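Before any comments, here is the structure.
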Amino acid sequence: EFHGDDGGPSAAQGQAPSASATVRDVPDHILERIFLRLGSSAHLVRAASACKRWRRVVADRDFQARFRSLRAPLVAGHYHTVDPDRDDASEQQPSGGRPARPVFVPSPTLTVDRRRFSLDFLPVSNEWEWGIVDSRGGLLLLRSKTWRRWKRPTCFYPDLVVCEPLTRRHQSILLPSCLAGHGHLGFFLVNGDTSGGRGGSGSIGMSSFKEAGRNEPVSAVFSSGNDGGWRLRQLSSASRNNGGISIPKEDSVTFLGRANGSFYWGTGEGGAMLVLDEATAEFTSAMLPEDVRDSYDGRTFGVVGGEDGGVRVVCVIDNELRVYARINDGGDLWFAEKILRLPEATSRLPGRKVHYFQDDAVILSADDTYILLTPQEETWPFSVELETMDVERAQDRNRYAGPAYPCELPWPPALGEASSGGRRRRSCR
């Protein structure tokens, strides 16, 4: 005679077994643990469409906050800029002809309708006049290539617009009168105080200026107003923060990159970098690695972030791609983390010509995962993966000789109605 765990007769005695457990018997807190293991927000949206109960679990704000803390934002694709001044510009777009608009390339791991990311809703005249200068979450910041408005006393100032491609909304940014007379170092998007995450309606735009006459950097932060305009939120100069940081020549300042919450510019003065903290809008200074300071060239240097939260300097010197990491967080001690000889590493790539790399290769674009470069002799883009230092030309990103700006899918994700069987929606209750 056989007995079950409770001491009663087992199914071997001819009694029907107890009903097997179904998904309806899984409590909510176990479902949450299962959903937290999903690979991306796209998988989460699919789960939410299964039934009303799963949708309710996924829609919970606390659950969404936990999921977001464990997963990187889902990048729908990148907007690639195309340089119309390059000799082979007609080859940089599949349709040929003079390139004008940024090209959206979907992420290879996602099925994305690229038409939803068109920028044809932006105001234009006879020809395209907008250039992307930054992206954040699902927002883009664009600058007019035609500087039409004269701002007294000494400088032109471009039209700026923030847009959200998926919703086809855009908002212009006007220059406050108190900033008239400032040259600019750059324009950026940063997180707003109430954004609840990257991107979204809480984002704000930040511009960095060089004040005419004093050569002292000033940062200005704009926040969107209820009337649809943008208001000056904060004005911060370097002299108020740490005794003053000067910029010797405006044309010697080169934007090197954005990494882990800060913006970096090379100044061309003894390896010094200008650093702007996007959270505080305050300036500090930092130094490039000591053994490359004398070789500084804005075209061959860049600053990127890392998965460890650190900052890395990438540079090309004697056609060696060098990656430097900081030894001390926030300090100026660096070590060469990786080195790659570009002439040898590219020798077997299709289209490689013998006369390449007589001069140092230049950096076209750089982010936390890869570096896009080209030899100076001819525009021949190729990319280097930072983790493996593998070199390749096969991916779409190598077709466009210019910076690439990521565009993320919105968060929290838009959850549609649960799937239905017949006329009634399915329920897992």
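The values are calculated or read from the model by the stated rules, or taken from the named source; none is laboratory data. Keep in mind that what you see is a predicted model, and the values were worked out from it rather than measured. Counting neighbours? That spans all protein chains shown, and the Cβs are built from the backbone with ideal geometry, glycine included. Protein only, heavy atoms only, side chains kept; ligands, DNA and RNA dropped before computing areas. Shrake-Rupley method; radii C 1.70, N 1.55, O 1.52, S 1.80 Å.
Distance between the modelled labels on Leu110 and Val23, one decimal in nanometres: 2.4 nm (7 Å Cα→Cβ projection). Close amide H contacts of Leu386 (hydrogens built in the peptide plane, cut-off under 5 Å, sequence separation of 5 or more or a different chain): Tyr370, Ile371.
Computed with a 1.4 Å probe on the full set of protein chains, the accessible area for Ile327 sits at about 110 Å². Taking all protein chains as they are arranged and a probe of 1.4 Å, the heavy atoms of Arg299 leave approximately 120 Å² accessible to solvent. Heavy-atom accessible area for Glu278, with the other protein chains in place and a 1.4 Å probe, reaches approximately 30 Å².
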